[in-house]
Amino acid sequence: MEKEVIVRFAPSPTGYLHIGGARTAIYNWLFAKKTGGRLILRIEDTDAERSTEESIQGIVDGLKWLGVTWDEDPYFQSKFIQEHIDAAQRLLESGHAYKCFCTKEELDQKREQARKEKGAIKYDGTCRNLTPEKIAVKEKSNLPYIIRLKVPNGEGAVSFRDEVYGLIEKKYKDIEDFVIVRSNGQPLYVLSNAVDDIRDGITHVIRGQDGLANTPKQLLIYNALGADVPKFAHMSLTLDSKKAKISKRRHGEIVAVHFYRERGFLPWAFVNFLVLLGWSTPESQQIFSKEELIDAFSLKGINKANSVFDVRKDDPKFFTDPKAISINAHYLRNLPVEEIEPYVKAEFEKAGIWDPEFEGEKHNWFLNTIDLIRNRFNFTTDFVTLGSAYFSDDFPIDPKALKKNILKHEGLKEWFPVLADRLEALQDFTMEETENVVRDMADEYEIKAGILINGARAAVTGQAVGPGIFDVLLAVGQDRVVERLRKAVTFFE
Ligand code: GLU
C-alpha cells in the first residue's frame, strides 16, 4: 500500500501572509487534496524575538480567506524545542555530532585567516577529533560549547532528486560541520525543522526555493538520525517584471494577501491566479474550478523557471498584476450571482450602506442589479464605488461624465425636467415604455437620442458608461430616476 501523503505548510510568523507563502500553502493543500493525504499547519515560531501573535492571526486569517484548509489544530514549533535538543543529544551519543568548544574569537580569527589565504571559509574541525579525555576536561571546567554535525569526510556528496529541480548534489567537502545547537542550548532552525518533519511523518516537503540551501544539511540530519527521507519539491522564485525578487521591502503591501482581500478580490480568483504563478498544465488552462484544479494538480506541473508577478504599483489602472485583475474580473462576471453575493454584501457592510431589505423584500432586485452591472466590474469593491448609485442616493458623479455628458449640452437644462415629467407619467415603467419616451422626445425636440441617453446615464448613475440605459432606468426605479433627472439641472448652476 502507498504511504499516506502528509505535507505541511510551515510559515515563520514574522510578518503577514505574502503571495509567496500563500502559493506554497496552496500547492501543499492541492497536493494533499489530490492524493487524499493530510496537510499540517506548523507555525515555526522558535524565533521568539521576531514571531508575533498578530502575524499568526494574519496567516491563519489569510489561509482561511483563501479557502486553504488543514487537518488538525496548528502545531507550534516552540512546543517541541525539547525534542530538538533530545535529537541533538542522540546525535552526540551516536557520534554524528560533536561539541565544539572554540570561542567566538577563535572562530572569527580562523575565518579571517582563511579569507586571507583565500581558502574555504569553513570550520577547520579543531574540536571534531577531541579525545574523550580532552572533552571531559573541558566539560569539567564548564566551558561553553556549541554542537556541530559531523559531515562525512572524503569525496562523497549528498544528493537528492528534487521534484522540481531534478538532481541536486552537494559535495561533503563543500559543507562545513554546521551548528545544530547554540552555546545557549538553543537548537538551530535547520535542526528543528528537520526533526519536526520527521516527527510529523512528512512525506513531501513542498517549500520555497530559499529552503534549498538547507536541504543538503537536513538530509545529513535525516541520515544521522536514521530517519526516512521525504521527497522535496522546491518552488522557483517570483520576480517582478524588472527581474527583482518580490519582497515586502521592495514592493510593500502589494505582496500581502490581505491587500487583495481589501481591494475586492474573490478568494478563489486569487487562488487561481496564485496557482498559475509557477505551475501550469500542458494545455495552459487558465481558469479552474476547485474540483478541476485538484484534479489537474501535480508536482510535475511546477515550473522550474522563475515566475513573473507583474507588479505595476505606479499604474493606477493596473495597481497589481494585470493577469490577477483579469482573472478576478472573469470570476466576478461569470460565477452564478448567488456565489458572489456574500462578497458584495461584505463590501456594502464595510461601506456602511447595507440595507437588510437587500436580503428581504428587495432580494430579487438586488441579485438582478448585481448581475446587470457586474459586466464592467473588476473588483467586488466596484459595487460600492462605481455602482453606488444603484443602491444609494448618495453617490458621486464622475467629473468626466458630468462635463462630457451633461455640461456640454446646455439644452439638457430644459430637457431633463421634461424627460422627468414624461417618465413620471408612465403607468408601466418598462424598458419598452421608457425607450418610447426617450425616442419620441428626441424626435420632437430634434435632438439625438444619444444626448438624452448619455445625459440620463450620467444624471442617474454618475457614470459615463454602464449597461444599456433602459436596463439602468428599470434597475434604479421610476421614483429615483425622476428625482435624479430633476435634480440634474442644478449641475448647471
Ligand atoms: N519556516 C520557513 C519559512 O517560513 C519554512 C521552511 C520550510 O518550509 O521548510 O520560510
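The values are calculated or read from the model by the stated rules, or taken from the named source; none is laboratory data. None of the values given here were measured: they were computed from a predicted structure. When we count neighbours, we look across all protein chains shown, and the Cβ atoms used for this are built from the backbone with ideal geometry, even at glycine. These accessible areas exclude ligands, DNA and RNA; they are computed on the full protein's heavy atoms, side chains included. Shrake-Rupley method; radii C 1.70, N 1.55, O 1.52, S 1.80 Å.
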Problem - Net length gained if the chain between Leu225 and Asp355 were fully extended (0.36 nm per residue, minus Cα distance) - result: 40.6 nm
Problem - Close Lys-Lys pairs in the range 355-493, where close means Cα under 28 Å and separation is 8 or more or interchain - result: 16
Exercise for the section: Between the alpha-carbon centers of the range 350-384 and the range 426-493, tell me the distance in whole angstrom. Expected result: 21
Fill in the blank from the handout: Of all DSSP beta bridges with both partners in the chain, the antiparallel percent, nearest 5, is 55
Handout entry: Rg followed by Dmax, in Å, when the range 348-405 is reduced to its Cα trace
Key = 12.3, 38
Exercise for the section: Could I get the Rg over Rh figure for the chain? Both from C-alpha atoms, Rh via Kirkwood, rounded to two places. Expected result: 1.17
Practice task
Run a plain Debye calculation on the range 354-492 (Cα atoms as equal point scatterers, no solvent) and give log10 I(q)/I(0) at q = 0.15 Å⁻¹, rounded to two decimals, same order as the q list.
Solution key: -0.71
Problem - Spherically averaged projected area of the range 271-376 from its Cα convex hull (nm²) - result: 8.8
Handout entry: Pairwise centroid distance, computed over Cα atoms, of the range 122-138 with the range 393-409, Å
Key = 82
Exercise for the section: Could you pull out every one of the aspartates and glutamates with an alpha carbon less than 18 Å from that of Lys317, ignoring same-chain neighbours closer than 8 positions? Expected result: Asp240, Glu253, Glu262, Asp382, Asp398
Practice task
Pop the C-beta distance of Leu167 and Glu339 into the FRET formula with R0 = 30 Å and round what comes out to the nearest 0.05.
Solution key: 0.10
Practice task
Could you give the C-alpha radius of gyration of the range 220-265 expressed as a fraction of 2.2 N^0.38 Å, taking N as the number of residues it contains?
Solution key: 1.90
Exercise for the section: Let me have the 222 nm mean residue ellipticity of the chain computed from DSSP H runs of 4+ only, each contributing -39500 (n - 2.57), with the sum over all residues rounded to the nearest 500. Expected result: -13500 deg cm²/dmol
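Convert 4 °C to kelvin, take the viscosity as 1.567 mPa s, use the Kirkwood radius over C-alpha pairs of the range 1-128 as Rh, and evaluate the Stokes-Einstein diffusion coefficient in µm²/s, rounded to a whole number.
Answer, rounded: 72 µm²/s.
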Exercise for the section: Assign unit charges at the C-beta atoms only (+1 for Lys and Arg, -1 for Asp and Glu), then state the dipole size of the chain relative to its Cα centre in Debye, rounded to the nearest 20. Expected result: 3120
Practice task
Provide the per residue accessible area, probe 1.4 Å, for the chain, rounded to a whole number of square angstrom.
Solution key: 51
Problem - Protein accessible area in the range 167-260, 1.4 Å probe - carbon and sulfur % - result: 48
Exercise for the section: In vacuum, with every alpha carbon of the range 234-292 counted as one equal point scatterer, what does the Debye formula give for log10 I(q)/I(0) at q = 0.13, 0.17, 0.23 Å⁻¹? Two decimals, please. Expected result: -0.43, -0.72, -1.11
Completion exercise
Any aspartates and glutamates whose Cα falls less than 12 Å from that of Lys99, other than same-chain ones fewer than 8 residues away, would be Glu139, Asp177
Handout entry: Proximal lysines to Lys171, defined as alpha-carbon separation beneath 16 angstrom and excluding residues fewer than eight positions away on the same chain
Key = Lys122, Lys150, Lys217
Completion exercise
Note: Asp428 to Ile56 extended length (0.36 nm per residue) minus current alpha-carbon separation gives 128.2 nm
Problem - Relative frequency of Cα-Cα separations exceeding 17 Å in the range 264-328, percent - result: 43
Handout entry: Inter-part distance where the range 231-267 and the range 153-228 are each reduced to a Cα centre, Å
Key = 27
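Treating the beta-carbon of each Lys and Arg as +1 and of each Asp and Glu as -1, no other charges, what is the dipole magnitude of the range 191-302 about its Cα centre, to the nearest 20 debye?
On the way: 14 positive and 12 negative charges, 122 e Å.
The calculation lands at about 580 debye.
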Problem - Shape box of the range 56-214 [Cα atoms, principal axes, largest first, Å] - result: 56, 37, 28
Practice task
Work out from phi, with θ = phi - 60° and the Karplus expression 6.51 cos²θ - 1.76 cosθ + 1.60, the ³J(HN,Hα) of each residue of the range 124-131, listed in order in whole Hz, and give x for Gly and Pro.
Solution key: 7, x, 3, 8, 5, 10, 4, 6
Completion exercise
Projected onto the charge dipole of the chain (unit charges on the beta-carbon of Lys, Arg, Asp and Glu, signs +1, +1, -1, -1), the Cα from Thr380, Ile302, Ile56 with the largest positive-side position is that of Ile302
